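A.B. asks: Please read through the structure below; I'll follow up with questions.
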Amino acid sequence: MKKLVLLTAFFATCTSWAQITESVVNKEKFENSGFPFKGKRVLMVDNISASKEENYFVFSKNARDEAQDRLYIEQFTKVDGKWELKVTDEVAEPDVVTSTWSSRKAFSDVDKDGKADVILVYSKHPKGDMDTQLSVVQVLFYKHQMYWISSDAASNYTKDTFSNNFKDLPEALKEFALSFWKRLDKA
């Protein structure tokens, strides 16, 4: 009986870990696929599936030869077999260039609703000097909304700024975001 309980608990735990799936997406093929993302160049694209939802998270930019750098952040969700744009944001600041952190991300289903809670990261740099970092921004996608935390080099990454809606997150999601943020090497 004890073994049956342990075995059941083991499989239940494995199942809860396996709820989020990331599929590898070839950026060049995606860029040329006709998918309706806003930019001209794909910097990062993640296909994230959970038990009740499939998503594409796309970070793209405008054409290289344009004077103003623009980063487009989008979440597409499959609804009735069609991709719908659920979240969109544009980052464009004078004399600032953005860069995505493709290897710094997290996926979970913190509230166990069958939908992925996704963290992605990008940084800001002075135009023409990608070696100098001005700030880091962590974006949390939760229930088709974006929440962010940022910190800048001027404060030596010791002063955090939060999106106005961050305070509205459930505590478990705040903990998920803050735990990732605290472990992130920002410099």
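A.B. asks: Quick check: at a probe of 1.4 Å, how many percent of the accessible area of the chain sits on carbon and sulfur atoms? Could the numbers behind the result be given before it?
C.D. replies: On the way: 5470 of 10680 Å².
It is 51 percent, rounded to a whole number.
A.B. asks: Once you list every other residue whose beta carbon is under 13 Å from the beta carbon of Phe166, what net charge do they have if Lys and Arg are +1 and Asp and Glu are -1? Let's see the in-between values first.
C.D. replies: Working: positive: Lys167, Lys174; negative: Asp160, Asp168, Glu171, Glu175.
So the surrounding residues net to -2.
A.B. asks: What list of ³J(HN,Hα) values in whole Hz, one per residue of the stretch 111-128 in order, does the Karplus curve 6.51 cos²θ - 1.76 cosθ + 1.60 (θ = phi - 60°) give from phi, with Gly and Pro shown as x?
C.D. replies: 8, 6, 9, x, 10, 6, 9, 10, 10, 10, 10, 9, 10, 10, 9, x, 4, x
A.B. asks: Can you flag which of Lys78/Lys174; Lys82/Lys159; Lys27/Lys167; Lys127/Lys174; Lys52/Lys124 are past 30 Å Cα-Cα?
C.D. replies: Lys82/Lys159; Lys27/Lys167; Lys127/Lys174; Lys52/Lys124
A.B. asks: Taking the chain as a Gaussian network, where each spring joins two C-alpha atoms under 10 Å apart, which residue of Tyr122, Tyr157, Tyr147 fluctuates the most?
C.D. replies: Tyr157
A.B. asks: Subtract the Cα-Cα distance of Asn164 and Glu66 from 0.36 nm times their separation in residues, and report this length gain in nm to one decimal.
C.D. replies: On the way: separation 98, 0.36 × 98 = 35.28 nm, distance 3.08 nm.
Full-extension gain reported as 32.2 nm.
A.B. asks: Collect residues whose amide H, placed 1.01 Å from N in the peptide plane, falls under 5 Å from the amide H of Val110; neighbours closer than 5 in sequence don't count.
C.D. replies: Residues meeting the criterion, in which the H sits 1.01 Å from N, are Asp117.
A.B. asks: How large is the accessible surface per residue of the chain, computed with a 1.4 Å probe and reported in Å² as a whole number?
C.D. replies: Numbers: 10680 Å² over 187 residues.
I get 57 Å² per residue for this part.
A.B. asks: Hey, another quick one. For the stretch 38-181, what is the convex hull volume of the alpha-carbon atoms per residue, in Å³?
C.D. replies: Working: hull volume 16.0 nm³, N = 144.
Here the figure is 111 Å³ per residue.
A.B. asks: Still on this model: If packing is taken as the average count of other Cβ atoms within 10 Å, what order do 26-39, 69-82 fall into, highest mean first?
C.D. replies: Going from most to least packed, we get 69-82, 26-39.
The values are calculated or read from the model by the stated rules, or taken from the named source; none is laboratory data. Because the structure is predicted, anything quoted here is derived from the model rather than measured. Methodologically, a virtual Cβ is constructed for each residue, glycine included, from the backbone with ideal geometry; neighbour enumeration extends over all protein chains shown. Please note that ligands, DNA and RNA were not included when accessible areas were found on the heavy atoms of the full protein model with its side chains. Shrake-Rupley method; radii C 1.70, N 1.55, O 1.52, S 1.80 Å.
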